[in-house]
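Asker: Before I ask anything, let me first share the structure, which is written out below as structure tokens.
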Amino acid sequence: MLYLTKLTLDTRYKAALHALADTYALHRLVYLGFPDQDEGGPGRPLYRLEPFDPVKRKAPAILVQSSVAPRHPERWQERGYIRVEGPIEVVWQGEAAPPPFPGRKRVEVALCAGQVYRFRLRVNPTVKRRFDQSSKRPGHRRIGLYCEEDQRAWLERKAREGGFEVIEVKAAPQRGGEPVFVQDVAAVDRTFYGRAPDRYNSSCNREPDQLQHLAVTFDGMLRVTEPTTFIQTIEGGIGSAKGFGFGLLSLARAG
């Protein structure tokens with residue numbers, strides 16, 4: 001069972017702009033509405049900041065998927081610049097689920113092999129490499145994949161492991177919500193966090209006191225091949241850096 005929540009930010013407020021400019025602040029903002037540790041903890045929510053267009057006055061929105069229902073939506077609402085929609089309860093057909101929570105919308109989803117869906121997936125495409133003692137940083141660490149061919153191959157591998165196949169896809173590195181050319185390596189989105197904990201260093205390329213994540217958004221069509229594995233993929237997310245806005249696989253009916 002999953003819960004889907006949408007948080008829309010009012011950019012007339014400086015606090016909203018700060019959250020959009022600082023991915024670590026956005027991470028804290030998302031987790032704000034979930035249970036505290038003494039209440040059982042938040043689980044591992046997945047979320048994605050949707051592309052937005054200030055010129056067209058399309059407000060930025062954060063899509064949040066969680067295995068634990070947000071327990072404190074009032075914390076979001078008290079901020080004054082967040083509009084909360086949901087959560088919607090998503091139940092897989094045949095799954096043993098508790099009765100619907102009063103006032104919440106519930107959707108039952110039946111996944112079968114051969115079904116086709118449109119999808120969106122924002123990921124941090126990386127591979128783990130081992131560097132010997134001659135390197136400035138010996139040991140294993142993750143390296144970003146900047147070439148579009150490598151990014152597509154990475155997605156195909158994740159699809160085979162995740163119970164689906166990619167029918168068609170467009171890959172767009174993103175910066176500030178706006179797509180840039182895949183070939184323009186210098187323009188690839190690097191998400192910065194000020195003085196983040198060292199425990200995050202293994203999942204990114206690091207500069208002094210900053211973290212960087214390569215971000216690529218895939219939009220396309222997929223076909224379900226193994227429903228049980230595919231459900232596990234949806235629930236667990238895809239790729240690394242899931243705690244910072246990556247890995248959420250969103251589906252919509254094709255056609």
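Asker: If you count, for each residue, the other Cβ atoms within 10 Å and average over each peptide, how do 59-69, 222-232, 76-86 line up from highest to lowest?
Answerer: The peptides rank, most packed first, as 59-69, 222-232, 76-86.
Asker: Which length gain, in nm to one decimal place, applies between Arg160 and Ala97 when the Cα-Cα distance is subtracted from 0.36 nm times their residue separation?
Answerer: 19.8 nm
Asker: What relative contact order, as a whole-number percentage, does the stretch 2-109 give when Cα pairs under 8 Å and 6 or more residues apart are counted?
Answerer: Value for the stretch 2-109: 36 percent.
Asker: Would you mind checking the pairs Lys58/Lys158; Lys6/Lys105; Lys128/Lys158; Lys158/Lys242; Lys14/Lys105 and listing those with alpha carbons more than 24 angstrom apart?
Answerer: Going by Cα-Cα distance, Lys58/Lys158; Lys14/Lys105 fall outside the 24 Å limit.
Asker: Using a 7 Å offset from the Cα along the Cα-to-Cβ direction at both Ala254 and Arg71, what is the distance between the two label points in nm, to one decimal?
Answerer: So the two model labels end up 4.1 nm from each other.
Asker: What per residue convex hull volume, in Å³, do the alpha-carbon atoms of the stretch 2-109 yield?
Answerer: 118 Å³
Asker: Can you tell me the order of 31-37, 88-94, 5-11 when each peptide is scored by its average per-residue count of other Cβ atoms within 10 angstrom, highest first?
Answerer: Ranking the peptides 31-37, 88-94, 5-11 by packing returns 5-11, 31-37, 88-94.
Asker: Would you please calculate the Kirkwood hydrodynamic radius of the stretch 1-58 over all C-alpha pairs and express it in Å, rounded to one decimal?
Answerer: 13.1 Å
Asker: So for the pair Thr229, Lys170, with labels modelled 7 Å out along Cα→Cβ, what separation do we get in nm?
Answerer: Simple spin-label model gives 2.9 nm for this pair.
FYI, it's all coordinate maths here, none of it is from the lab. Keep in mind it's a predicted model, so treat the numbers as computed, not measured. We place every Cβ from the backbone using ideal geometry, glycine too, and count neighbours over all the protein chains shown.
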